[in-house]
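Just below is one structure, and these are the notes that go with it.
The values are calculated or read from the model by the stated rules, or taken from the named source; none is laboratory data. Small disclaimer: the values here were computed from a predicted structure and weren't measured. All Cβ positions, even for glycine, are placed from backbone atoms using ideal geometry, and neighbour counts span all protein chains on display. Surface accessibility is based on the protein's heavy atoms, side chains included, excluding ligands, DNA and RNA. Shrake-Rupley method; radii C 1.70, N 1.55, O 1.52, S 1.80 Å.
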Amino acid sequence: MPEASSANFNRLVEPKLKERRLTRQARETCSAANHIAGACLVNLPWVCSLRMNSLLLTGGRVIDPANRLDAVADLLILNGKIAAVGKDAATQAPGEIERFDAKGKIVCPGLIDLHVHLREPGQTAKENIATGTAAAARGGFTSVVCMPNTSPAIDNAGTVALIHERAAQHGVVNVFVTGAITKNIAGEELASIGSLKRAGVVAITDDGHCVQNNELMRRALEYAKMFDLPVMDHCQDYSLVTDGVMHEGYWSTVLGLRGWPSAGEEMIVARNILLAELTGARVHCQHLSAVGSVALLREAKKRGVPISGEACPHHFTLTDAAVSGSEKFWAEDGKDLAKFQSGTGFQPVSDRQDACPTWPAYDTNFKMNPPLRSARDREAILEGLADGTIEILCSDHAPHCDYEKEVEFDYAPFGITGLETELALSLMQLVHAKRISVPDLIAKYTVNPARLLNLQKGTLGVGADADVTVFDPDREWIFERDETASKSSNSPFFGWRLKGRTVATIVNGKKIWIEQAELAPV
Ligand SMILES: [Zn+2]
């Protein structure tokens, strides 16, 4: 190397190398003990992970169903882990730690949504890992479980590795992956379940589709049991449902739309109960919508069958009357909700509070699979949630592009987004309606899904990952179309007045989302 250029090299590169050396040294020197003693040796904020991932939440109502905790307390996070919970947590905090005033709010383990479609790979016009996890963060979710019906389907170890890599690069919350039961979700040949397990999937499911061949499903359950994987099932009997687009009942007749009968779901719930009993595998029935499904599950659980179920807010908030337009819905099944929407007895939160949201008949944002069902079905789901038959809440967040939804009802794809509204809708229908307690609701979003999928999440136990959600159960707000973080806007709840709002979402001790009103109170 000529002399001049060597000098140049030293001048330009040497300081950078020196900085890098110092950084490495500093990282090694900086320990938790130093921080607790208030003697941080690192003055470079971007170096010190403790500074970035440490936080003291003060004065909140800390609810941690995994540890049966419900008390006003402080919560100390150091280096991305829960360090202390309780009255003395503040005394253990290093002097320079960032504080977050959680007074009047609920502090709980980071919420988990075990049923989310992130659409990556292959359908990124609808959503991707960055936008889907951003929507999760806004909704208060620190972990999501993504479904394998992507393009290509997540039916092999390579695609699982791809999702893990993309999630590490672009995800703002934890992403857990499910693998397909059958190759290409075609329902014909089993996927390599052992290799999916080794690649790190937390469950297998053909969600969006349903394995129709009972013998194949039996073998899937036997393999899943060998690998200690739960099997999640989208319960739909194709021969009964055929090309149904909405719940088969009064409204499908009035509207002239093809019906999707409740029996189409109940048939597969019953099949799954029998096969869970036969094989001893854990089977989880996804997005339950029908009264018969709840009754079957309740009875099977009493007998000790390893079966479980989940419910989504749209199924226990809306009914099939909504497909006939807002006017009919508010006048009939939506009467109680209409009172809240019209602001009777509540402080106005915006100038739009005085009217119920409106939508036309055949609005495709009310088309999902399984479909919105009758008021009696809605009540049965609420009862199942209240008595513990259904122990998990989730969104079935299913983004679709506007152009896909802006077609006739028959041709629109099934599904709606849900990550940003599910906590509020669950609070409204379950807690504010006095059906279950706040700790019971939190359990359905934390410890229960964590247990089903063997996730080391859903707890505020000392040493656990510092995934924390802070929310205000009483805050009223309106879900605005231009505020969604999702890439898609196929939600039926735009313009709805909701009660209950995430205030802060913390992943690994880092605040990844803060409600604007918290930053600049008005
Ligand atoms: Zn599904």
Worksheet item: Taking GLU277 and the conditions (1) within 16 Å of the ligand (Cβ to nearest atom); (2) open to solvent by 20 Å² or more (accessible area, probe 1.4 Å), which numbered condition does it fall short on, given that it satisfies the others?
Response: (1)
Worksheet item: If the Cβ limit is 8 Å and pairs must be 6+ apart or interchain, which residue in region 207-236 that is at negative phi pairs with which residue that is open to solvent by 60 Å² or more (accessible area, probe 1.4 Å) and among the aromatic types (Phe, Trp, Tyr)?
Response: CYS210/TYR238; GLN212/TYR238
Fill in: Count - residues of region 228-268 that are within 25 Å of the chain's Cα centre (by Cα) and closer than 22 Å to ALA203 by Cβ
11
Discussion item. Condition first: touching a Gly at 6+ places or on another chain (Cβ under 9 Å), closer than 29 Å to THR417 by Cβ and open to solvent by 10 Å² or more (accessible area, probe 1.4 Å). Can you find one or more residues in region 65-73 that meet it?
Written reply: yes
Worksheet item: Taking SER395 and the conditions (1) under 17 Å from PRO449 (Cβ atoms); (2) more than 15 Å from the ligand (Cβ to nearest atom); (3) open to solvent by less than 10 Å² (accessible area, probe 1.4 Å), which numbered condition does it fall short on, given that it satisfies the others?
Response: (2)
Worksheet entry | Criterion (within 16 Å of the ligand (Cβ to nearest atom) and touching an Asp or Glu at 6+ places or on another chain (Cβ under 9 Å)) met by exactly one of VAL173, VAL241 | VAL241
Item to complete: Please give the number of the condition MET428 fails out of (1) within 16 Å of the ligand (Cβ to nearest atom); (2) in contact with a strand residue (DSSP E or B) (Cβ under 6 Å, 6 or more places away or on another chain); (3) open to solvent by 10 Å² or more (accessible area, probe 1.4 Å).
Response: (1)
Worksheet item: Any idea which of ILE163, ILE193, ILE181 is touching a residue at least 12 places away in the same chain (Cβ under 8 Å) and either in contact with a Cys (Cβ under 6 Å, 6 or more places away or on another chain) or under 30 Å from GLY80 (Cα atoms) (or both)?
Response: ILE163
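Taking region 442-462 as the search range and keeping residues that are free of Cβ contacts under 8 Å to residues at least 60 places away in the same chain and surrounded by fewer than 20 Cβ atoms within 10 Å (Cβ to Cβ), which one is farthest from VAL173 (Cα to Cα)?
Out of the qualifying residues, it is ARG451.
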Worksheet item: So, in region 355-379, of the ones that are under 23 Å from VAL116 (Cα atoms) and not in a helix (DSSP H, G or I), which residue ends up farthest from the ligand (Cβ to nearest atom)?
Response: ASP363
Worksheet item: Looking at THR91, THR58, which is the one that is of a type outside the set (D, E, K, R), modelled with pLDDT under 95 and more than 19 Å from the chain's Cα centre (by Cα)?
Response: THR91
Worksheet entry | Filter result (open to solvent by 10 Å² or more (accessible area, probe 1.4 Å) and in contact with a helix residue (DSSP H, G or I) (Cβ under 9 Å, 6 or more places away or on another chain)) within region 82-94 | ALA83, VAL85, GLN92, ALA93
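Yes/no per residue for (1) within 30 Å of LEU221 (Cβ to Cβ); (2) within 16 Å of the ligand (Cβ to nearest atom):
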position: ALA73; (1), (2): no, no
position: ILE77; (1), (2): no, no
position: GLU120; (1), (2): yes, no
position: GLN123; (1), (2): yes, yes
position: THR178; (1), (2): yes, yes
Worksheet entry | helices (runs of 4 or more DSSP H) wholly inside region 380-488 that include at least 3 residues being touching a helix residue (DSSP H, G or I) at 6+ places or on another chain (Cβ under 6 Å) | 422-426, 438-445
Worksheet item: Just a yes or no: is a residue in region 246-262 open to solvent by 10 Å² or more (accessible area, probe 1.4 Å), in contact with a Leu (Cβ under 6 Å, 6 or more places away or on another chain), among the hydroxyl-bearing types (Ser, Thr, Tyr) and part of a helix (DSSP H, G or I)?
Response: no
